[in-house]
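**Q** Take this structure, written in structure tokens, and hold onto it; I'll ask about it next.
The values are calculated or read from the model by the stated rules, or taken from the named source; none is laboratory data. Nothing here was measured: the structure is a model prediction, and the numbers come from that model. Every residue, glycine as well, gets a Cβ built from its backbone with ideal geometry; the counts of neighbours run over all protein chains shown.
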């Protein structure tokens, strides 16, 4: 199985958050539990939308949601209690009703993990709906050319 990209393609817009690992994110060995990484991805993509598109709460106010339809994480090395992680994300692609976001999680210069999440736009009722054309154009403009 090929590894996920460890950095965004040249020209892609990115956002990076810093996260200090609290004790409750770790297991008995003080290593970050694998499930916590999904939380880190969400924190980064919400900041990405704030910085490059619009706040996610505005989508929610319109009855629209980016439902997660897939998550893939490649773990390179363990993160531990009190580490300061940087989570960088970017958009890999945008389609009519879906998009994919790529991620790299680092501790300083060390690559901890790479990831992707896929999302489909849904209504409050959970029905697939197209990403509004104006939003889709903005998001597509953030993908590397």
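**Q** Would you check if there is a residue in the stretch 96-111 being surrounded by fewer than 18 Cβ atoms within 10 Å (Cβ to Cβ), out of contact with any strand residue (DSSP E or B) (no Cβ under 8 Å at 6 or more places or on another chain), part of a strand (DSSP E or B) and modelled with pLDDT of 95 or more?
**A** So far as the stretch 96-111 goes, yes, one or more of its residues are surrounded by fewer than 18 Cβ atoms within 10 Å (Cβ to Cβ), out of contact with any strand residue (DSSP E or B) (no Cβ under 8 Å at 6 or more places or on another chain), part of a strand (DSSP E or B) and modelled with pLDDT of 95 or more.
**Q** Turning to a different aspect of this structure: Kindly evaluate residue 57 against the criterion of being outside any loop (DSSP other than H, G, I, E, B), free of Cβ contacts under 8 Å to residues at least 24 places away in the same chain and touching a strand residue (DSSP E or B) at 6+ places or on another chain (Cβ under 6 Å). Working first, answer last.
**A** Details: outside any loop (DSSP other than H, G, I, E, B): yes; free of Cβ contacts under 8 Å to residues at least 24 places away in the same chain: yes; touching a strand residue (DSSP E or B) at 6+ places or on another chain (Cβ under 6 Å): no.
No.
**Q** If a residue must be closer than 19 Å to residue 136 by Cα and either over 11 Å from the mean Cα position of the chain (by Cα) or outside any loop (DSSP other than H, G, I, E, B) (or both), how many such residues does the stretch 1-53 contain?
**A** Going residue by residue through the stretch 1-53, those that are closer than 19 Å to residue 136 by Cα are 11-15, 45-53.
Narrowing the set further to residues that are either over 11 Å from the mean Cα position of the chain (by Cα) or outside any loop (DSSP other than H, G, I, E, B) (or both) leaves 11-13, 15, 45-53.
Here the count works out to 13.
**Q** Report every pair of residues separated by at least 6 positions or lying on different chains whose Cβ atoms are under 7 Å apart, first residue within the stretch 14-35 and at negative phi and free of Cβ contacts under 8 Å to residues at least 12 places away in the same chain, second assigned to a strand (DSSP E or B) and surrounded by 10 or more Cβ atoms within 10 Å (Cβ to Cβ).
**A** Short answer, once both residue conditions are applied: 33/26.
**Q** Further, regarding this structure: For residue 130, all conditions in the list (1) part of a strand (DSSP E or B); (2) touching a helix residue (DSSP H, G or I) at 6+ places or on another chain (Cβ under 8 Å); (3) surrounded by fewer than 18 Cβ atoms within 10 Å (Cβ to Cβ) hold save one; what is the number of the exception?
**A** The number of the failed condition is (1).
**Q** Right, another one. In the stretch 61-80, which residue that is closer than 15 Å to residue 121 by Cβ and within 13 Å of the chain's Cα centre (by Cα) is surrounded by the most Cβ atoms within 10 Å (Cβ to Cβ)? Step through it out loud before you land on a result.
**A** If we filter the stretch 61-80 for residues that are closer than 15 Å to residue 121 by Cβ, which is where we start, we get 61-70.
This time we only want the ones that are within 13 Å of the chain's Cα centre (by Cα), so: 66-70.
Working: 66: 20, 67: 12, 68: 15, 69: 13, 70: 11.
Only one residue fits best here, namely 66.
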